[in-house]
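**Q** Below are the structure tokens for one structure; questions will follow.
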Amino acid sequence: MSDPFLRGELVTWSQVYRLSRRLAENIRASGYRPDAVVAIARGGYVPARLLCDALGVYDLQSIRIGHYEGGARKNETARCYSPPPANVRGLKVLLTDDCSDTGDTLRLALEQLRCCGPLDIKIAVLHHKKVSPLVPDYYGRRIVSWRWLIYPWALTEDLSGFIAAMQPRPETLDEAVRQLRARHGIKPPRSAVAYVLALMKQREAP
């Protein structure tokens with residue numbers, strides 16, 4: 001179970017674009033020219049696509065590693081749920097995710113990719129949390145004080161997890177918004193919270 005009073009931070013689309021551009025500039029400045037970008041599914045999909053566009057890379061692949069679930073519920077260990085990309089042999093690979101947290105997801109992805117014989121692997125993330133023992137080669141922003149980062153593509157999933165963990169469950173939109181702010185320090189758009197509440201009712205309907 002996640003901490004019912006876990007502090008969070010909403011990451012906006014404009015921040016994502018800005019960090020992606022910064023990442024691409026840092027990668028170019030370092031002289032690294034990846035042949036392929038491998039996204040860690042699912043959080044790395046969007047950052048990987050943005051980096052592909054900025055770096056002019058058309059070979060986008062993925063590997064699915066699971067460690068966290070919605071609302072910051074953490075599984076005991078990271079697990080690989082898909083075979084690693086088989087066609088990266090001899091290529092320079094940029095492994096991409098949204099953030100480095102425990103480092104377990106990135107470490108497992110590295111192990112899986114190395115078995116496929118790439119020429120080289122570099123890691124790029126939007127956010128690098130100071131607590132991570134694995135430091136990426138490139139990151140857009142360093143997070144010193146730990147908090148749960150809620151990306152735009154994970155907003156529905158994370159809000160669903162946070163609200164599902166509330167006891168008692170909020171019965172109104174106003175109450176859900178109030179509890180999200182009190183428990184997690186976030187103020188998501190009311191329309192997003194309303195959408196999540198409607199989805200949860202649909203899922204629970206017989």
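The values are calculated or read from the model by the stated rules, or taken from the named source; none is laboratory data. These numbers were taken from a predicted model, which means no experiment stands behind them. When we count neighbours, we look across all protein chains shown, and the Cβ atoms used for this are built from the backbone with ideal geometry, even at glycine. Calculation scope for accessible area: heavy atoms of the full protein, side chains included, ligands and nucleic acids excluded. Shrake-Rupley method; radii C 1.70, N 1.55, O 1.52, S 1.80 Å.
**Q** Return the Rg/Rh ratio of the stretch 113-162 with Cα-based radii and a Kirkwood Rh. Please report the intermediate quantities before stating the final value.
**A** Numbers: Rg = 14.4 Å, Rh = 13.2 Å.
For the stretch 113-162, the value is 1.09.
**Q** Count the lysine pairs in the chain whose Cα atoms lie under 28 Å apart, taking only pairs 8 or more positions apart in sequence or on different chains.
**A** So the count of such lysine pairs works out to 12.
**Q** Quick check for me: using +1 on Lys/Arg Cβ and -1 on Asp/Glu Cβ, what's the dipole size of the stretch 132-197 about its Cα centre, in debye to the nearest 20? If you can, show how the numbers build up before the last one.
**A** On the way: 9 positive and 6 negative charges, 56 e Å.
Dipole magnitude for the stretch 132-197 comes out near 280 debye.
**Q** Just read off the accessible area of TRP153 with the full protein assembly in place, 1.4 Å probe, to the nearest 10 Å².
**A** Accessible area of TRP153: about 70 Å².
**Q** Can you give me the Kirkwood hydrodynamic radius for the chain, using every pair of distinct Cα atoms, in Å to one decimal? Intermediate values should be presented prior to the final figure.
**A** Values: mean 1/r = 0.0559 Å⁻¹.
Here the Kirkwood hydrodynamic radius works out to 17.9 Å.
**Q** Return the sequence-ordered ³J(HN,Hα) values of the stretch 126-133 in whole Hz as given by the Karplus equation 6.51 cos²θ - 1.76 cosθ + 1.60 applied to θ = phi - 60°, using x for Gly and Pro.
**A** Those phi angles translate into 5, 10, 10, 7, 4, 6, 5, x Hz.
**Q** Right, next: Placing +1 at every Lys and Arg Cβ and -1 at every Asp and Glu Cβ, with all other atoms neutral, what dipole size does the chain have around its Cα centre, in debye to the nearest 20?
**A** Numbers: 30 positive and 21 negative charges, 82 e Å.
For the chain, the charge dipole is close to 400 debye.
**Q** If you don't mind, there's one more thing I want to ask. Rounded to the nearest 20 Debye, what is the dipole magnitude of the stretch 92-179 about its Cα centre when Lys and Arg each give +1 and Asp and Glu each give -1 at the C-beta? Spell out each step's value before the answer.
**A** Working: 11 positive and 12 negative charges, 89 e Å.
In total the dipole reaches around 420 debye.
**Q** Percent of accessible area on the chain owned by carbon and sulfur, 1.4 Å probe? Let's see the in-between values first.
**A** Numbers: 5310 of 10570 Å².
Whole-percent figure for carbon plus sulfur exposure: 50.
**Q** How far is the Cα center of the stretch 120-163 from the Cα center of the stretch 5-35, in Å?
**A** 10
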